[in-house]
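The values are calculated or read from the model by the stated rules, or taken from the named source; none is laboratory data. These figures come from a predicted structure and were not determined experimentally. Here the Cβ positions follow ideal geometry from the backbone for every residue, glycine too, while neighbour counts run over all protein chains shown.
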Amino acid sequence: MDQTAPAPVTSEGKETTVNKFSRHSFRAKFMLVVGAAVVFDLMMGGGIAIWNVQRLSKDATRQVSAGLTSTMEDYLRTYIETTALRTNLLLDQTFSEVEALGASMQTLIDHPETERKIGRVVEEDQDLGDNLLYNPDGNWSQNPSGPSVVSIWGYLLDDEGNPLPDVQEQIENSSTFNLVAPGLMTSGSPKLQMYYVGPKDKPIMRTTPHTEQAQTFDKLYPGHNEANFWDFFFPGVYEGWQSWIADPSNRPVNRNIVGTEPYVDAITGALIVSFFEPLWTEDRSDVAGMVAVDVTLDQFASLVENVQIADTGFGFLTSSGGNVIATSEIGAQELGLVAEDATGQGVTGVNRYLSDSKYSSIANLAMPVNTDTIIDRITIEDGDRKESFLVILKQLEPMNLWNGTGIQSERLTLGFMVSEDEVYALLTTIQNEISEATERIVYWQIAALMVALVIVFIAVYAVSGRITAGLSKLANAAQALENKDYSVRVAIPSRDEVGAVGLAFNRMAAEISYHTENLEKLVDERTAKLESANKEIVALNQRLKDENLRLGAELDVAKRIQEMVLPRRSELEGISQVEIAAYMEPADEVGGDYYDVLHDGGRIKVGIGDVTGHGLESGVLMLMVQSVARALQEKGDRDPIAFLGVLNRALYKNIERTNSDKHMTLAFVDYEDGKVTLSGQHEEVLIIRANGDVERIDTVDLGFPVGLEADITPFVQTLDLGFSKNDILILHTDGVTEAETPGGELYGFDRMCDCAKANIDKPAKGIAEAIIRDVKEHIDTQKMFDDITLVVMKHR
């Protein structure tokens, strides 16, 4: 096969020989262009593939990170909320037990005669009664044994060491404590002790189980027997309760229980909290003492110490002021807490405030201000150590707290703290594995790209030889055709695109030969065809012109008929009770909106509707409605529901006969004797009262689209409204509220309402003109897409 192309002519007119691998040969250019394109495509595709792999790797890492982070945070929220619920339940159980004791004591206070009888019986019992012994050294009186210890302070005794008469009565009346409190002590949640304290003028103290109560007080609280018990130990509590009686709103939390901050128990040395339940006098005019329970912090500490998050996570319980009530030893170290004893003449507390932490990030930690769970990230720096932690905080239910001087609202806060490295260890592992997998894929992608480049080079070399053989034949044949040898043909056996070009060349050569020989005959034939086509076009244009004239005349007649049936201005002006102004503008020559005003003596019926679509068919349907409505009005049908039912049946049958798919919304307003009755389903009705109040009446539930069903009577309802002097009622179709600016913004019901209110002092015609003018300004240069109809009624 000859692979040498025809010799091109140089600028000097000489022919040169083109070798198949010279820089002028098509094969060399083909290999260069195709090879470069394929190499570029492979490089681009490979580069994009590698970029996509890396991007997918980053996206997967980010999504996995977000998913694991979200899951871990959800787990921590659930964990702390569950622990908070358990803490609230523990507190509520303790509250319920002291409330049960208080309820028993309060019941007897409210029944003083029964209280005295039971008290005498208990005091006379050998096992339950109080056998008081006077201690001259301590100047107090106390029973040596019994179900509870009762201590009578020196200022409640006479010169001989006996209780004063009213104090003795208080001892007897409160002895019911010996029946109830020991049982409550042995049941329910663990408690250190339960006790009763009398009113401020008789503050005797009963405590179960029995201890050497007065002796312990003498050792730990010097001077307690010279001051009133309430003022010495719990200043402000008694007065706080008295303020609740004077004004119940002074109670911070809607529960009588009052708690204390943690303090060291005088008898056991344990860190405890107390919860007080006040007792009231029979007439609820003053405080009658209290019952209380002391519980150790071991129960609360066990809740937070048992928190297990990763390996080193821990929990802690703190007051709203940041005083840590309970945590583990590891937790105290991680929080950097510094413990200090609170000073005072009575109970002695322990302060471990977060704000005093040796770590600034802990000291600056903000407590929650509501019940939302807070997840915060902090960094603790301690010498060379720098570690990030997650801190999760959750407020508990509120309670009343004695702060040392008075009663305030308090919300304890439960907290978790865990190292971020431990929490997200799994995330770090997954990120590393994704990164390693990405590197492996990239290496294999580069290797595959290199192999593909070698294969492409071999394939381009082989294909170029096959392609250029056919192209060489085509070049020789084209040279012959240029020399006016129309008999030339090429034989290319391949069935690829070059073969298809050869076949096309042969057909083209045959057609050139044929047309060259028959050109004049073809010109005459084409000229005759063009003249015939031109005559047909002229006739068709004339027919279209005649048809347009006929349709225009029909539309003009329909438009004129539609305008003729609209209410005349003289009709509207002849109505004495109500001013009525109306406006209607169709979007096409014939509109699909309907309105009519039917006047019969003192009764006025105003209708408004909107046929689906617009144009001739919608306009005919509107004329049907007008005719039927006029006939029914003349017939004297005053029932709005029956009126709409008959009108719908007539319209439904006409629509069915004409095989039309049209229907319409339709509503009527009947006015008579200062009252309007609405019926039928249409757009919202706007009423503006004489005083400026605006009412929007939705008519959706007052009817059903007319022409859809044969009987709509079950769906039609009526609504009666007052309509007095200077009241305004406005009806409209959606062409008003849905009028668009060139930018597509709708006019809207609210703007129509604002415009009407701004012109409330004008007559009905002035209000209608103001609204239409505002709508036109809103539309500006935009085309009207729907018919516009507006009816304004104003009571004279």
Inset, instruction - Please verify whether the range 745-762 includes one or more residues that are surrounded by fewer than 17 Cβ atoms within 10 Å (Cβ to Cβ) and under 20 Å from Pro586 (Cα atoms). - result: yes
Inset, instruction - Of all residues in the range 545-573, count the ones that are modelled with pLDDT of 70 or more, of a type outside the set (Asp, Glu) and out of contact with any Asp or Glu (no Cβ under 7 Å at 6 or more places or on another chain). - result: 9
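For (1) modelled with pLDDT under 75; (2) farther than 30 Å from Met508 by Cβ; (3) surrounded by 11 or more Cβ atoms within 10 Å (Cβ to Cβ), each residue gets a yes or a no:
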site: Ser435; (1), (2), (3): yes, yes, yes
site: Thr438; (1), (2), (3): yes, yes, yes
site: Ile441; (1), (2), (3): no, yes, yes
site: Gln445; (1), (2), (3): yes, yes, yes
site: Val451; (1), (2), (3): no, yes, no
site: Asn476; (1), (2), (3): no, no, yes
Legend entry - Condition check for Glu97: modelled with pLDDT of 85 or more and within 29 Å of Thr413 (Cα to Cα): yes
Inset, instruction - May I ask you to say which residue of Leu731, Leu721 is surrounded by 15 or more Cβ atoms within 10 Å (Cβ to Cβ) and within 23 Å of Val775 (Cα to Cα)? - result: Leu731
Inset, instruction - Consider Glu160 carefully, then state whether it is closer than 27 Å to Gly236 by Cα and out of contact with any Asp or Glu (no Cβ under 8 Å at 6 or more places or on another chain). - result: no
Inset, instruction - Sort out which residues of the range 597-620 are acidic (Asp, Glu) and over 47 Å from the mean Cα position of the chain (by Cα), and write them in order of number. - result: Asp600
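Residue by residue, here is whether (1) hydrophobic (A, V, I, L, M, F, W, C); (2) within 18 Å of Val597 (Cβ to Cβ); (3) part of a strand (DSSP E or B) holds:
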site: Ala631; (1), (2), (3): yes, yes, no
site: Ile641; (1), (2), (3): yes, no, no
site: Gly645; (1), (2), (3): no, no, no
site: Arg649; (1), (2), (3): no, no, no
site: Lys653; (1), (2), (3): no, no, no
site: Glu656; (1), (2), (3): no, no, no
site: Lys662; (1), (2), (3): no, no, no
site: Thr677; (1), (2), (3): no, yes, yes
site: Glu683; (1), (2), (3): no, yes, no
Inset, instruction - Might you let me know whether the range 129-139 holds any residue that is among the charged types (D, E, K, R) and in a helix (DSSP H, G or I)? - result: no
Inset, instruction - Any chance you could count how many residues in the range 176-200 are surrounded by fewer than 18 Cβ atoms within 10 Å (Cβ to Cβ) and either of a type in the set (Ser, Thr, Tyr) or under 53 Å from the mean Cα position of the chain (by Cα) (or both)? - result: 6
Inset, instruction - Return a yes/no flag: does the range 240-250 have any residue that is within 21 Å of Met205 (Cα to Cα) and polar (S, T, N, Q). - result: yes
Legend entry - Selected residue (criterion: modelled with the highest pLDDT) from residues of the range 354-376 that are of a type in the set (Ser, Thr, Tyr) and more than 15 Å from Leu335 (Cβ to Cβ): Thr373
Legend entry - Any hit, the range 125-132, residues being surrounded by 15 or more Cβ atoms within 10 Å (Cβ to Cβ), among the aliphatic types (A, V, I, L, M) and under 21 Å from Glu99 (Cβ atoms): no
Inset, instruction - Go through the range 702-720 residue by residue and tally those that are under 16 Å from Lys605 (Cβ atoms) and either assigned to a loop (DSSP other than H, G, I, E, B) or small (Gly, Ala, Ser) (or both). - result: 2
Inset, instruction - Look at the range 274-294 and say how many of its residues are among the β-branched types (Val, Ile, Thr) and crowded, with 23+ Cβ neighbours inside 10 Å. - result: 2
Inset, instruction - Could you grab me the full set of residues in the range 365-381 that are touching a residue at least 24 places away in the same chain (Cβ under 8 Å), surrounded by fewer than 16 Cβ atoms within 10 Å (Cβ to Cβ) and either out of contact with any strand residue (DSSP E or B) (no Cβ under 8 Å at 6 or more places or on another chain) or in a loop (DSSP other than H, G, I, E, B) (or both)? - result: Asn370, Thr371
Inset, instruction - Give Thr114, Thr207 a once-over and let me know the one that is under 27 Å from Phe95 (Cβ atoms), assigned by TED's automatic domain parsing to the domain that holds Asp265, of a type outside the set (A, V, I, L, M) and without any contact (Cβ under 8 Å) to a residue 24 or more places away in the chain. - result: Thr114
Inset, instruction - Can you tell me which residue within the range 587-609, out of those that are modelled with pLDDT under 85 and crowded, with 23+ Cβ neighbours inside 10 Å, is farthest from Asp787 (Cα to Cα)? - result: Val590
